[in-house]
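Participant: Structure in structure tokens, see below.
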Amino acid sequence: MPKTTSKTNVVKGVLYIFFLGVCLSFGAIAGWIGNSEVGRALVGTVLAPKSPQKVFQDSHDNGKSLTVLILGCDEDLYYRGTQVLNAHARSDMMMVARLDFDRNLVGAVSIPRDTLCRLPGYASQKINAYNKIGGPELAKAAVEEILPGVHIDRVVTLNFEAFQEVIDMLGGVDVYVPRDMKYTDTAAKLYIDLKKGRQHLDGYDAMCFVRWRKNQHGGGDSDFERQKRQKDLMLALKQQMVRNWTQGMNVLDKTVEISGNAFDAQEVATLMMFMKSLGDSSEKIRMGQIPVNDIEGTYDLAVDNQKLQSTLEQYLVVPSDSIPSMPKEDQ
């Protein structure tokens, strides 16, 4: 598999971790009333509950679910990171997350950035280029093109600086680092140096924890191990919000800002309630990747359409008559 695919696998969970980790923390801070816009919406939701189906009734299936395209972008940098060239950078991470309100399930699949896509009127190219060409709306059209049956309701863009800021607002997180992690990429301003064991990570090191894919001289993680790290950080974020609840409400307000106003305060409050109802069950929250094949002689990838539908059902991104069992490596 090309190196770029591995990188996509590593960073794919960054916004997912932020999004779910914040939402899972609702139960610990919902009773705190302050000057928070989201806090007021939360209290109103508790006193006069509104179902997700009603709040998100403008979704493609009339509130039964909500499908979100998550774009993780670094700045578009010139040689060695000396100059920002473009506000709409190529999307290093692309993930489709579906919140199933009827069955209390959340599923997500990542899309490798080297996956080829051809939109009408455009030449065939890597799917991550469409955000740079036409912004989030064109990226959305590209994703819907390669994932038949998937209809995107909202698009959220997050850069790594925002992720770090959230972690730092909470005073860092405690996680177990499963192995020594060391890697330097000067152009990407990435300097990873983490030691095995229980660690307290600030925002930058937490970002390194989920972006790491291999040491300087080899020795990387499998997809399963990387997904476990991403989930571990998500739960650590939840725990830190419980401990530092006074800052937690500020983080909730920042959710609206970071989402690029893809969600308003009432919608964020509703999502908090929904995510709280899921608990920590891995059967209710799933992460995977769309099936792809290498294109011989290139670094490009092609969607494996023979496996695509079953994969989307398995990871709950499209509805099915029954809930498919989890892949063995994810159980």
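The values are calculated or read from the model by the stated rules, or taken from the named source; none is laboratory data. Please read these numbers as outputs of a predicted model, since none were measured by experiment. Please note: Cβ atoms are built from the backbone with ideal geometry, for glycine as well, and neighbour counts cover all protein chains shown. For the accessible areas, the whole protein counts, side chains as well, though only heavy atoms, and no ligand, DNA or RNA atoms are used. Shrake-Rupley method; radii C 1.70, N 1.55, O 1.52, S 1.80 Å.
Participant: Filter segment 111-129 for residues that are in contact (Cβ under 8 Å) with a residue 24 or more places away in the chain and either at positive phi or not in a strand (DSSP E or B) (or both) and give the result.
Facilitator: In the first step, residues of segment 111-129 are kept if they are in contact (Cβ under 8 Å) with a residue 24 or more places away in the chain; the result is 111-119, 126-129.
Matches in segment 111-129: Ile111, Pro112, Arg113, Asp114, Arg118, Leu119, Ile127, Asn128, Ala129.
Yes/no per residue for (1) under 27 Å from Arg118 (Cβ atoms); (2) modelled with pLDDT under 70; (3) outside any helix (DSSP H, G or I):
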site	(1), (2), (3)
Glu257	no, yes, no
Phe263	no, no, yes
Thr270	no, no, no
Arg286	no, no, yes
Asn293	yes, no, yes
Ala302	yes, no, yes
Val318	yes, no, yes
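Participant: With the structure loaded, tell me whether Tyr204 is modelled with pLDDT of 75 or more and open to solvent by 50 Å² or more (accessible area, probe 1.4 Å) or whether it fails that test.
Facilitator: Working: modelled with pLDDT of 75 or more: yes; open to solvent by 50 Å² or more (accessible area, probe 1.4 Å): yes.
Against the criterion (modelled with pLDDT of 75 or more and open to solvent by 50 Å² or more (accessible area, probe 1.4 Å)), Tyr204 qualifies.
Participant: Right, next: What about Met275, is it modelled with pLDDT of 70 or more, surrounded by 21 or more Cβ atoms within 10 Å (Cβ to Cβ) and in contact with a Leu (Cβ under 7 Å, 6 or more places away or on another chain)?
Facilitator: On the way: modelled with pLDDT of 70 or more: yes; surrounded by 21 or more Cβ atoms within 10 Å (Cβ to Cβ): yes; in contact with a Leu (Cβ under 7 Å, 6 or more places away or on another chain): yes.
So Met275 fits the description; yes.
Participant: Could you go through segment 171-178 and let me know if any residue there is touching a strand residue (DSSP E or B) at 6+ places or on another chain (Cβ under 8 Å), under 30 Å from Ile295 (Cβ atoms), assigned to a loop (DSSP other than H, G, I, E, B) and in contact (Cβ under 8 Å) with a residue 24 or more places away in the chain.
Facilitator: Pass one, segment 171-178, residues touching a strand residue (DSSP E or B) at 6+ places or on another chain (Cβ under 8 Å): 172-177.
Subset that is under 30 Å from Ile295 (Cβ atoms): none.
No; the residues of segment 171-178 include none that is touching a strand residue (DSSP E or B) at 6+ places or on another chain (Cβ under 8 Å), under 30 Å from Ile295 (Cβ atoms), assigned to a loop (DSSP other than H, G, I, E, B) and in contact (Cβ under 8 Å) with a residue 24 or more places away in the chain.
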